[in-house]
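The values are calculated or read from the model by the stated rules, or taken from the named source; none is laboratory data. Keep in mind that this is a model prediction, so the values were computed, not measured. Here the Cβ positions follow ideal geometry from the backbone for every residue, glycine too, while neighbour counts run over all protein chains shown. Heavy atoms of the whole protein, side chains included, go into the accessibility calculation; ligands, DNA and RNA do not. Shrake-Rupley method; radii C 1.70, N 1.55, O 1.52, S 1.80 Å.
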Amino acid sequence: MLLTYSQPLELTNVSKALDTFLKTYMADFWAYLIEFVIVGVAIIATYAIIALALIYIERKITAFFQARLGPNRLGKYGWIQSLADMVKILIKEIIHINNVDKFLFYTAPFFVIVASFLAFGAIPFGQGLQAVDFNIGVFYVTAVSSLGIIGILLAGWSSNNKYSMIGAMRSGAQFVSYELSGAFALMTIVVMSGTMQFSEMVEGQRYVWNIFNGHISSIIAFVIYMICGHAETNRGPFDLPEAESELTAGYHTEYSGLQFGFFYLAEYLNMFIIAAIATTVFLGGWMPVQIKGLDGFNQIMWYIPSWAWFVGKTGVLIFMSLWVRWSFPRLRIDHLLNLEWKYLLPINLVNILVMVIIVLAGLSLSDLFPKLFGI
């Protein structure tokens, strides 16, 4: 019998056993309450661990690109450095700034971190490893991730600092602009797959990934989405809102201690979220490589945990993001906006029409070769 998941390494059975155990000894309300708390703690812990890991990984990869060592003092190969930095930022004094709008100033970081958390919770990390699985998953992630810009604008305006304000305005213009093309790129794949639900998208890519299923149209959507995602995270060469040589630290110039840590943490997790959504929508998500007819090969692939497939694919996209960041100089603001409004957006609109034609004409790979791809 062909495996559908690697039982010893999945948490699906554990969650079902816990649910049965709790409902056996207590009312459903309390059982669900305990499960919600466990899931919430698990998401927060995973969020923090991924952020610390990404900070360390970027420092090491950056050092490799620049022919230097990177962190190498705390722990073997400096792997404890991120943990030490986390402790440092937690105990750092929060400097209180005069002449700021205190309510908005202290509220802004929470908008950024909450928006990141909401998107993070909808990501399918593996088979059964998903906090929520909305039937409008793509729309949900696009909507909640857009809330982060509110925190950035509030941070810039409430700081009463010209550098912060300019950085917030740049970030607002950049985020709103590239959000359009990023959403259109995802909608292109929604047109092809016929669903917005992440679990159904992953299942539909069992034998052919979406990036190949829609021919050149889906490849164009993937490239545009990665460009827009990179721009939305304010990372080089799209790091104009935080341009150190011009704006000190941009919209979070006046922030210190844990408040600055929220912005810092959200930036790294947003990088992970962008790569994770790209993995789910374009690269098969947690689904292992499967070839129709090769049951022995497929059996072996299922022995690798689904979360390992997801982390591996996402890691490749994150590496590509870091490669781009440390290879290209910062764009000028007019060049950045011209790239979106004069090139990416028109290409996206045409690309969606092309995808509609491909779907209606039955020209996708899964339509042309249904037996080969198990459709």
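What is the Cα convex hull volume of the range 217-375 when expressed per residue in Å³?
On the way: hull volume 21.3 nm³, N = 159.
Per-residue hull volume (Cα only) is 134 Å³.
Over the range 202-257, how many percent of alpha carbon pairs lie in each 5 Å bin up to the one with the longest distance?
4, 17, 15, 14, 12, 10, 8, 8, 9, 4, 0
Counting only Cα, what are the radius of gyration and maximum Cα-Cα distance Dmax of the chain, in Å?
Looking at the chain, its Cα Rg and Dmax stand at 22.0, 69 Å.
Please compute the Kirkwood hydrodynamic radius over the range 63-221, one decimal place, Å, based on all pairs of different Cα atoms.
Final number for the Kirkwood radius of the range 63-221 is 19.3 Å.
Need one value: the accessible area of residue 307 in square angstrom, 1.4 angstrom probe, rounded to the nearest 10.
Looks like 120 Å² after rounding.
How big is the range 46-128 on each of its three principal axes, counting only the C-alpha atoms and giving the largest first in Å?
Principal extents (largest minus smallest coordinate, Cα): 44, 41, 23 Å.
Hey, can you list the DSSP H helices of the chain whose Cα span along the axis is 20 Å or longer and whose average Kyte-Doolittle score is at least 0.0?
Helices passing the filter in the chain: 28-65, 102-120, 162-193, 215-232, 257-282, 306-325, 345-360.
Restricting to Cα atoms and excluding each atom paired with itself, what does the Kirkwood estimate give for the range 19-73 in Å?
On the way: mean 1/r = 0.0705 Å⁻¹.
By the Kirkwood definition, the hydrodynamic radius is 14.2 Å.
With a 1.4 Å probe and all protein chains left in place, how much accessible area per residue does the chain have, in Å²?
50
Could you put 113, 136 in order of accessible surface area, largest first, with the 1.4 Å probe and the full protein assembly present?
136, 113
Taking N as the number of residues in the range 188-294, what value does Rg over Cα atoms divided by 2.2 N^0.38 Å take?
Working: Rg = 17.9 Å, N = 107, 2.2 N^0.38 = 13.0 Å.
The reported ratio for this selection is 1.38.
If you project the alpha carbons of the range 132-215 onto the principal axes, what extent comes out on each, in Å, largest first?
54, 29, 15
How many percent of the accessible area of the range 101-187 is carbon or sulfur, using a 1.4 Å probe? Intermediate results must be reported in sequence, preceding the final value.
Working: 2660 of 3440 Å².
The computed percentage sits at 77.
What longest range of the chain stays clear of loop-exposed trypsin sites (Lys or Arg not before Pro) (DSSP non-H/G/I/E/B, at most 11 other C-beta within 10 angstrom)? Let's see the in-between values first.
Numbers: sites that count: 68, 73, 332, 371.
Counting at most 11 other Cβ atoms within 10 Å as exposed, the longest clean stretch of the chain is 74-331.
Taking the chain, how many lysine pairs are there with alpha carbons less than 23 Å apart, if each pair must be eight or more places apart or span two chains?
Final tally of qualifying lysine pairs is 8.
How many nm separate the modelled label positions at residue 45 and residue 219, each set 7 Å beyond the Cα in the direction of the Cβ?
Once both label points are built, they end up 4.3 nm from each other.
Kindly provide the Kirkwood hydrodynamic radius of the range 290-346 in Å, to one decimal, from all pairs of distinct alpha carbon atoms.
On the way: mean 1/r = 0.0663 Å⁻¹.
When all Cα pairs of the range 290-346 are included, the Kirkwood radius is 15.1 Å.
Between residue 88 and residue 67, what FRET efficiency comes out of the Förster formula 1/(1 + (r/R0)^6) with R0 = 35 Å and r the beta carbon distance, rounded to 0.05?
Efficiency at R0 = 35 Å is approximately 0.80.
By how many nm would the segment from residue 308 to residue 16 lengthen if fully extended, with 0.36 nm per residue of separation less the alpha-carbon distance?
Working: separation 292, 0.36 × 292 = 105.12 nm, distance 2.11 nm.
Here the answer is 103.0 nm.
Between 296, 40, 204, where does the largest GNM mean-square fluctuation fall for the chain, given springs only between Cα atoms within less than 10 Å?
Ranking 296, 40, 204 by mean-square fluctuation puts 296 first.
Over 13 Å, how big is the tail of the calculated P(r) for the range 255-303, in percent of all Cα pairs?
Of all Cα-Cα pairs in the range 255-303, 69 percent lie more than 13 Å apart.
Measuring from the lowest to the highest alpha carbon on each principal axis, how far does the range 127-171 reach, largest first, in angstroms?
That works out to 47, 17, 13 Å along the principal axes.
Give the ranking of 287, 86 by solvent-accessible surface, highest area first, calculated with a 1.4 Å probe.
Values: 287 0, 86 65 Å².
Sorted descending by solvent-accessible area, the residues read 86, 287.
At 37 °C and 0.692 mPa s, what whole-number value in µm²/s does Stokes-Einstein give for the translational diffusion of the range 1-150, with Rh from the Kirkwood sum over Cα pairs?
169
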